[in-house]
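The values are calculated or read from the model by the stated rules, or taken from the named source; none is laboratory data. All values reported here derive from a predicted model rather than from experimental measurement. FYI the Cβ positions are ideal-geometry reconstructions off the backbone, even for glycines, and counts take in every protein chain you see.
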Amino acid sequence: MDALEALHNRTSFPKLTDPEPDEECLRNIYKAAFRAADHGVLRPWRFLLIKGESRHKLGELFVKATLAENPDTEPAALNRIRQKPMRAPLIIITISCIKEHPKVPEIEQDLSAAAATQNMLLAAFAQDIGAFWRTGSMAYSPVVAEGLALKDNEKIISFLYLGQVSGATKNLSDPSVEDYFKQW
Ligand SMILES: Cc1cc2nc3c(=O)[nH]c(=O)nc-3n(C[C@H](O)[C@H](O)[C@H](O)COP(=O)(O)O)c2cc1C
């Protein structure tokens, strides 16, 4: 698939199944992250790969974080939360790592980590791999941050779920260019 085809047609896939993408596909995805726009070439990011048994550990961490926020959460809700990391064979967690810089504020470094995530979405789509960018309250939980050993200057930008596409593909409905691009 060429670049414009991927850019014009990328879509997210919520239903993702085994097996995880092969090593060559994954390396293509990782390398795409490095081509994100990056003010000052700070590379203000790192990535955690969660697969196999680690997904269960992440599920338990989500439960702990939920109980810290709301100790009265019902067991059925906790079970759903525990299963969330099982929605795909692989999760890449994008973490922004903010560096002190006189010209590059924190927001630009977070945006760069977000751009790296978008590049990975596109690289996945271009290789017929399904992907879905998720955050939710777990991305902002101090308990999750501690469990994943994030440092004070780090934050979660994305849980990027990856796997084989399953289920129907969405019909794209693109807005009209003229509605969003106007001459000033
Ligand atoms: C920063 C960010 C966080 C997101 N978090 C979630 C999420 O937690 N749950 C969810 O259903 N969609 C989330 N989304 C949206 C989906 O990833 C997806 O983009 C959306 O469903 C639109 O589908 P499309 O990418 O196929 O256009 C998030 C998107 C972004 C950019």
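Among residues of the stretch 113-138 that are farther than 16 Å from Leu16 by Cα, those with a beta-carbon under 7 Å from a residue that is hydroxyl-bearing (Ser, Thr, Tyr) and within 9 Å of the ligand (Cβ to nearest atom) at least six positions away or on a different chain give the pairs Thr117/Ser158; Thr135/Ser158.
Looking across the stretch 129-184 at every residue that is polar (S, T, N, Q) and closer than 17 Å to Leu48 by Cβ, the one that is farthest from the ligand (Cβ to nearest atom) is identified as Asn153. If you take the residues in the stretch 93-127 that are of a type in the set (Asp, Glu) and either more than 17 Å from Ala139 (Cα to Cα) or at pLDDT below 95 (or both), which one is farthest from the chain's Cα centre (by Cα)? The selected residue is Glu100.
Pairs are defined by a Cβ separation below 6 Å, a sequence spacing of at least 6 or placement on different chains, a first member in the stretch 10-24 that is part of a loop (DSSP other than H, G, I, E, B), and a second member that is of a type in the set (Gly, Ala, Ser); the pairs so defined are Phe13/Gly130; Lys15/Ser166; Lys15/Gly167. Going by the conditions given, is Leu16 within 15 Å of the ligand (Cβ to nearest atom) and buried (at least 16 other Cβ atoms within 10 Å of the Cβ)? In short, yes.
Screening Gln118 against (1) near the ligand (Cβ under 10 Å from one of its atoms); (2) more than 25 Å from Gly40 (Cα to Cα) leaves a single unmet condition, (2).
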